[in-house]
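Worksheet: the structure to be examined is printed underneath.
The values are calculated or read from the model by the stated rules, or taken from the named source; none is laboratory data. None of these values were measured; they are calculated from a predicted model. In this analysis, Cβ positions are derived from the backbone assuming ideal geometry, glycine residues included, and neighbour counts consider all displayed protein chains.
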Amino acid sequence: MKQSFKFILFNTLGIFLLSFLCHFIYDWFPNTFTTIFFPVNESIWEHVKMLFTTIMIWGIIEYLIYKRKEIPVHNFFITLLGGALLNIIILLVLYLPTYYLIGEYMILTIIILLLSIFISQWLIFQVNYKKEAKVLNTICIIGIPLMFCLFGYLTYHPIKCDLFFDPMEEKYGLSTLNE
């Protein structure tokens with residue numbers, strides 16, 4: 001139990017710190033590739049995309065660390081995709097009511113992000129040590145690129161709703177103005 005808590009805490013802090021770097025990648029390197037993986041504006045959707053990408057990058061780092069330390073890794077793609085989707089759901093469940101009740105407060109947003117990462121890592125951690133589910137792992141291998149296709153598509157063709165609206169620039173996606 002103590003060892004698993006260390007892994008969960010390590011992953012939580014890794015994802016949390018990496019998300020700050022990922023937040024600015026598009027600003028530093030604006031191109032088609034970075035629009036698919038990193039936030040292009042300050043909308044909630046773009047931050048969800050950032051979190052998904054961050055978890056994918058961290059998952060690769062985690063996998064390499066576990067392999068080097070000879071820690072068994074089962075259900076890697078299930079924990080990767082499942083953890084990312086679970087994290088997004090938890091983040092939205094915690095963040096949206098707070099945002100609509102009191103607005104945007106950076107410190108509160110950061111606390112909610114950290115809490116959502118910890119909860120999702122704690123919940124998904126158990127899946128890695130279950131019996132390997134090859135079919136579900138294969139489905140998740142297909143699901144990961146499909147999610148990035150969805151993120152890329154909705155960056156260029158956002159739905160006109162609050163989730164996709166950038167309050168800083170008053171626009172949706174990359175170029176559409178608030179109408």
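Here Asn128 qualifies as at pLDDT below 85, surrounded by 15 or more Cβ atoms within 10 Å (Cβ to Cβ) and part of a helix (DSSP H, G or I).
Among the residues of the stretch 71-106, those that are in a loop (DSSP other than H, G, I, E, B) and more than 24 Å from Val135 (Cα to Cα) comprise Gly103, Glu104, Tyr105. At negative phi and crowded, with 19+ Cβ neighbours inside 10 Å - does that describe any residue in the stretch 61-68? Yes, there is a match, as at least one residue in the stretch 61-68 is at negative phi and crowded, with 19+ Cβ neighbours inside 10 Å. Residues in the stretch 19-42 that are within 14 Å of the chain's Cα centre (by Cα) and either surrounded by fewer than 18 Cβ atoms within 10 Å (Cβ to Cβ) or of a type outside the set (A, V, I, L, M) (or both): Ser19, Phe20, Leu21, Cys22, His23, Phe37, Phe38, Pro39.
Looking across the stretch 131-179, the residues that are within 20 Å of Asn31 (Cβ to Cβ), assigned to a loop (DSSP other than H, G, I, E, B) and at pLDDT below 90 come down to Glu169, Gly173, Leu174, Ser175.
Examine the stretch 15-24 for a residue that is of a type in the set (Gly, Ala, Ser) and assigned to a loop (DSSP other than H, G, I, E, B), and state whether such a residue exists. No, the stretch 15-24 contains no residue that is of a type in the set (Gly, Ala, Ser) and assigned to a loop (DSSP other than H, G, I, E, B). Here Thr98, Thr138 are screened, and the one residue that is farther than 30 Å from Val73 by Cα, among the β-branched types (Val, Ile, Thr) and in contact with a helix residue (DSSP H, G or I) (Cβ under 9 Å, 6 or more places away or on another chain) is Thr98. In the set (1) in contact with a helix residue (DSSP H, G or I) (Cβ under 9 Å, 6 or more places away or on another chain); (2) not in a helix (DSSP H, G or I), Phe5 fails one condition alone, (2). In contact (Cβ under 8 Å) with a residue 40 or more places away in the chain and either more than 20 Å from Ile144 (Cα to Cα) or of a type in the set (Lys, Arg) (or both), is that true of Ser19? So Ser19 fails the test. Cβ-Cβ below 7 Å, separation at least six or inter-chain, first residue in the stretch 55-74 and in contact (Cβ under 8 Å) with a residue 60 or more places away in the chain, second surrounded by 15 or more Cβ atoms within 10 Å (Cβ to Cβ) and of a type outside the set (Val, Ile, Thr): which pairs? Within 7 Å, the pairs are Met56/Leu80; Met56/Ala84.
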